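Below is one structure, written out as structure tokens; the observations come after it.
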Amino acid sequence: MFVLYFLGAALFVVVEGTIVIQPAPVTSKPVCNIYERNLVWVLEDCICRPIQNPCLMEQENTLRLNSRKTPLVPVTEKLCKHFILKKCPFGLPVIAQFPKPPACGCKNKPGTITEKKFKNVCELKKYSATNNEAYTSYKRTRC
């Protein structure tokens, strides 16, 4: 008899817990146009970095915060240029993707992606900030 009460109580708790616990609502990320060029200057771990537009900056910042990294710090272009590294240590080579707006200047048409190879991430960041070219991503490559 005690076993029946125990099983009934356990079943009640499981059913009640299943009804009460609801999954978190799914929030969709805004779709950013990677070809829209409206540079935002930020400090990423005290290193200057241009980002293609404010929407992409918000997405990048959210990803950083979710990964427990330091947030991006928006600054002016003039201030940011003081935080371009002068010398870069050795590192693994990377290939970065640079979005280019469409030649027609149309906002609704896709542009092109140009890939460039760099000696390391530091060289990529230095090039990006010096030449006012924002990259969207990079991947490490073999020598």
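The values are calculated or read from the model by the stated rules, or taken from the named source; none is laboratory data. Computed from a predicted structure; not experimentally measured. As a convention, Cβ positions derive from the backbone with ideal geometry for all residues, glycine included, and neighbour counts pool all protein chains shown. In case anyone asks, the SASA skips ligands and DNA or RNA and just uses the protein heavy atoms, side chains included. Shrake-Rupley method; radii C 1.70, N 1.55, O 1.52, S 1.80 Å.
Couplings 3J(HN,Hα) of the range 53-60, computed from phi: 7, x, 4, 5, 5, 4, 4, 4 Hz, in residue order, whole Hz [Karplus 6.51 cos²θ - 1.76 cosθ + 1.60, θ = phi - 60°; x for Gly and Pro].
Heavy-atom accessible area with a 1.4 Å probe sorts TYR135, TYR35, largest first, into TYR35, TYR135.
Taken along the Cα-to-beta-carbon direction at a fixed 7 Å, the label points for VAL31 and THR136 span 1.3 nm.
Surface listing: ILE51, ILE95 arranged by accessible area from highest to lowest gives ILE95, ILE51, probe 1.4 Å. FRET efficiency for the pair ILE47 and ILE95, taken as 1/(1 + (r/R0)^6) with r the Cβ-Cβ distance and R0 = 22 Å, rounds to 0.70. The distance between label points at LYS117 and CYS104 comes to 3.4 nm (points 7 Å beyond Cα on the Cα→Cβ vector). When all protein chains stay in place and ligands, DNA and RNA are ignored, the 1.4 Å accessible-area order of LYS87, LYS126, LYS69, LYS119, largest first, is LYS87, LYS119, LYS69, LYS126. With every protein chain left in place and a probe of 1.4 Å, what is the accessible surface of THR76, to the nearest 10 Å²? In the full protein context, THR76 sits at about 90 Å². Could you tell me which residue out of LEU79, PHE98, LEU124 lies farthest along the dipole of the range 44-137 toward its positive end? Charges go on the beta carbon: Lys and Arg +1, Asp and Glu -1, centred on the Cα centre. Projecting each Cα onto the dipole axis, the largest value belongs to LEU124. Other residues lying with their Cβ under 14 Å from the Cβ of CYS48 contribute a combined charge of +1, Lys and Arg counting +1, Asp and Glu -1. Past 18 Å, Cα to Cα, is the threshold; run LYS81/LYS125; LYS78/LYS126; LYS119/LYS139; LYS86/LYS125; LYS117/LYS139; LYS69/LYS116 against it and keep the listed order. Exceeds cut-off: LYS69/LYS116.
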